[in-house]
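One structure below.
The values are calculated or read from the model by the stated rules, or taken from the named source; none is laboratory data. The structure presented is a predicted model; accordingly, all values stated were derived computationally and were not measured. Because the Cβ atoms are built from the backbone with ideal geometry, glycine has one as well, and the counts that use them run over all protein chains shown. Keep in mind that these areas ignore ligands, DNA and RNA; they rest on the heavy atoms of the full protein, side chains included. Shrake-Rupley method; radii C 1.70, N 1.55, O 1.52, S 1.80 Å.
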Amino acid sequence: MSSIWCIYTTMEDAVITLSLPRLALAFVPVFIALLILWRWSFGIGNALYALGRMLVQLMAIGYVLAWIFGADNGLLIALVLAIMMTASAWIAVGSVPGRRLQLLADSWIAIVTGGGLTLALITQLVLSVDPWYVPRYVVPLAGMAFANSMTAVSLAAERLFSELEHGVELAQARIKAYQAAMIPVINAMFAVGLVSLPGMMTGQILSGVSPLVAARYQIMVMCLIFAAAGISTAVFLALVMRRLAKER
């Protein structure tokens, strides 16, 4: 925390330019960790693949977001949001591969309802974004909303059918599934500010924003995440319960 405050007090609302040579220094401890991994295990293939994939993905998304942010096109942002929601819905039901296609529509409706409506409320009423599609607000917040909705739906789907396979009654299985889905979000709320300083808050502080203002934004984000996950999971389980009731 002291280092963050030091950076904040010396930046005077200016972002420190991170050159490629300085960025390369960040890989020094990475190579040390890789060396340890190599000495203590059978190989570093997976770690190198993950590292390389991380570099390619982040550099690629940097160029893509720069293009999207500069486009200033509402239709383009709507298309991006649609792709994000569809991808989230597909990934979410990957936890139940035998029923993936069957549950895809339920997953999509749940994520659109929970993540989409919560995103709309935050961007249009809380932040009053004008125009509605300002990319630097809408796209990052959409990513947070849909990602957490996706994770919650995925956990709920896996737990629901796992409980049913063990002979648990439908109503009880739904309760356990909802509770399991909300554990990561609730734990994150317990830990924020004590165990972890979230990425958005850290990024704002590093960019020169007052920690007090950054804290307000992080509170907004935590409300977004909790509501998106909770509503999406409830809608998904309701749709699945109705489907299962018809099958029985």
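Here is the figure for segment 96-114: residues that are over 21 Å from Lys246 (Cβ atoms) and either modelled with pLDDT under 90 or surrounded by fewer than 19 Cβ atoms within 10 Å (Cβ to Cβ) (or both) total 1.
Regarding Ala191, is this residue modelled with pLDDT of 80 or more, surrounded by 14 or more Cβ atoms within 10 Å (Cβ to Cβ) and of a type outside the set (Ser, Thr, Tyr)? Steps first, please.
Details: modelled with pLDDT of 80 or more: yes; surrounded by 14 or more Cβ atoms within 10 Å (Cβ to Cβ): no; of a type outside the set (Ser, Thr, Tyr): yes.
In short, no.
A single member of Thr202, Thr151 is surrounded by fewer than 19 Cβ atoms within 10 Å (Cβ to Cβ), among the hydroxyl-bearing types (Ser, Thr, Tyr) and on the phi < 0 side of the Ramachandran plot, and it is Thr202. Listed by first and then second residue, the pairs linking a residue in segment 23-50 that is part of a helix (DSSP H, G or I) to a residue that is open to solvent by 60 Å² or more (accessible area, probe 1.4 Å), with Cβ atoms under 7 Å apart and 6 or more places separating them unless they lie on different chains, are Ala47/Leu37.
For Ile219, the conditions (1) under 16 Å from the mean Cα position of the chain (by Cα); (2) under 20 Å from Leu117 (Cβ atoms); (3) surrounded by 14 or more Cβ atoms within 10 Å (Cβ to Cβ) are fulfilled apart from (3).
So which residues in segment 72-90 are surrounded by fewer than 17 Cβ atoms within 10 Å (Cβ to Cβ) and aliphatic (A, V, I, L, M)?
Taking segment 72-90 first, the residues surrounded by fewer than 17 Cβ atoms within 10 Å (Cβ to Cβ) are 72-76, 78-79, 82-83, 86-87, 90.
Once the filter is applied, which keeps residues that are surrounded by fewer than 17 Cβ atoms within 10 Å (Cβ to Cβ) and aliphatic (A, V, I, L, M), segment 72-90 yields Leu75, Leu76, Ala78, Leu79, Ala82, Ile83, Ala87.
Being outside any loop (DSSP other than H, G, I, E, B) and touching a residue at least 60 places away in the same chain (Cβ under 8 Å) holds for only one residue in Ile83, Ile91, and it is Ile91. All of (1) modelled with pLDDT of 90 or more; (2) open to solvent by 20 Å² or more (accessible area, probe 1.4 Å); (3) more than 22 Å from Leu117 (Cα to Cα) hold for Ala234 with one exception: (3).
Residues of segment 116-140 being under 15 Å from Met222 (Cβ atoms) and crowded, with 23+ Cβ neighbours inside 10 Å, which ones? Across segment 116-140, the qualifying residues are Thr118, Leu119, Ile122.
With respect to Ala145, is the statement that it is closer than 30 Å to Leu76 by Cα and in contact (Cβ under 8 Å) with a residue 60 or more places away in the chain true? Steps first, please.
On the way: closer than 30 Å to Leu76 by Cα: yes; in contact (Cβ under 8 Å) with a residue 60 or more places away in the chain: yes.
Answer is yes for this residue.
Residue check: is Leu58 on the phi < 0 side of the Ramachandran plot, open to solvent by 50 Å² or more (accessible area, probe 1.4 Å) and in contact (Cβ under 8 Å) with a residue 24 or more places away in the chain? In short, no.
Screening the candidates Ala157, Ala214 for the property of being small (Gly, Ala, Ser) and either touching a Leu at 6+ places or on another chain (Cβ under 7 Å) or at pLDDT 90 or above (or both) yields one hit, Ala157.
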